[in-house]
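What follows is calculated from the coordinates using simple rules that are stated; it is not laboratory data. Everything quoted here is computed from the prediction, not taken from an experiment. Here the Cβ is made from the backbone with ideal geometry for all residues, glycine too, and neighbour counts use every protein chain on show.
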Amino acid sequence: MVPFLELSEEEKHQVRIKYTEYINGLNDEVIVSDGHYSFMETVAFTEADGELYDIFIYLYCSPENLKERYALSEKNGKFAGESIESLRQWQEFEINNLREECHRRNKDFYVVSDNEEEQNKFFDFLSLLREGFSSYDLATDICNQIMEQFNKQDILYMVDGDKTIIIQDSYRFCCNGKTKIFDGDFYTGYQSFLFEKELQTASIDKSKIAEITINNEVYDIVASNNYVVLSSGIKDLWSDIANAKNLGTIFASPYISADVKYYVVKQLREHGYTIFAYGDSKIDLYMLREADKGFLYIGKRISRSLKNESLSGLVPIYDHSLVILADEDEEVQADIAICKSNSGISGSRLAAAHVRLGEKIGRHIAAVFPEKNTSILVLERGGRFFW
């Protein structure tokens, strides 16, 4: 028998299909199978894999740790020579494409970190899955409740909560809460599970609710229409915010992950609804892409979680208030004074002031506008200096 690693790619593909047929023939209640989506650019995942499994869990470890493990592995040592950036791109490729495969098939997708502190919590999460929890099923339940309340004749607006329908992050503002759970920008149901555990010790300062600010850039658009707020925040807190600010229908739960939002919109559209969606960050991105029209609220600064994402097709909503950097930075004022025609300064010192001003403007633009699919028009009074 020829070892698997010595087979051609087509032969390996056929073996993988036969493996799924074997698994499908088993009568076990729960089957856990290990595998790869791809090996660098070579995709190992098959259509049969996508149809067979009900839940897909991606085990993430940092590219640095991955490189160290490959260096010690006989089987995968060939990847030890890859750069950290190359490994990061490989992981991003796997996560994005596997998530897309799950979305296409209405399957649950979760990203789990290899953080040792989370190991016991992961086993608790597996127990939750055994008990029947499903991101897709949660979305179905929300979708059914929405359909009972709204007819499909009118456009239905789906709106994110924190930093979209309101200016603040409700957890940070009303609970003085900070979390690192979403630092990996995965926003799957596993991160939602961890967040729900963290919120169990949260204390709500209800006196802060009166200070919550409605985001009129979004609210003024949706207020006179049928709209639903989907929030991954605290249910009781959002109920109080809705009452205090006269908001409409709200679904709030830490378990409303990026995938839940996506599936809510997908199912509503499958039932004939026209959906306009509004959000501000990665947790909203898949919902925005799936909607008939997606609006990305950027405000004064684009969300860090969207840094590496393509935002093509989305309609940006900016804070259109005038920004005058000289009002915020004394160094800018000093450089502007140097650049004025009556400053009497010329040569390298004048050129350096122009460069510093350009860099400050560039950094501000980079913080506000997405890196991809953006054009910048620069209007200049005079010449340009080069270093």
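Simple spin-label estimate for L5 and T213 gives 5.9 nm between the two label positions (7 Å along the Cα-to-Cβ direction from each Cα). Between 0 and 90 degrees, the angle of helix 347-368 with respect to the longest Cα principal axis of the chain falls at about 40 degrees.
To the nearest 0.05, how large is the calculated FRET efficiency for Y318 and M147 if R₀ is 25 Å and r is the Cβ-Cβ distance? E between Y318 and M147, to the nearest 0.05, is 0.15.
The alpha carbon centroids of the range 177-228 and the range 235-288 are separated by 11 Å. Legend: calculated FRET efficiency, Y22 to A71, from the Cβ-Cβ distance at R0 = 30 Å, rounded to 0.05, equals 0.35. Beyond 18 Å in Cα-Cα separation lie the following of the pairs K121/K197; K197/K245; K235/K261; K12/K67; K163/K282; K18/K75: K197/K245; K12/K67; K18/K75. For the options L26, L288, L66, a Gaussian network treatment of the chain with springs between C-alpha atoms closer than 10 Å singles out L26 as fluctuating the most. Straight-line cross-link reach from K180 at under 17 Å between alpha-carbon atoms covers these aspartates and glutamates, not counting any fewer than eight positions away in the same chain: D114, E116, E117, E118, D162, D169, E196, E198. Count Lys and Arg as plus one, Asp and Glu as minus one, and take only other residues whose Cβ is under 10 Å from that of S170; the net charge is then 0.
Of the trypsin sites (Lys or Arg not before Pro) found in the range 175-244, those that fall in a DSSP loop while having at most 16 other beta-carbon atoms within 10 Å are K178, K180. Our note on the geometry: Cα centres of the range 310-366 and the range 1-54, 55 Å apart. In the chain, the alpha-carbon atoms span a convex hull of 206 Å³ per residue.
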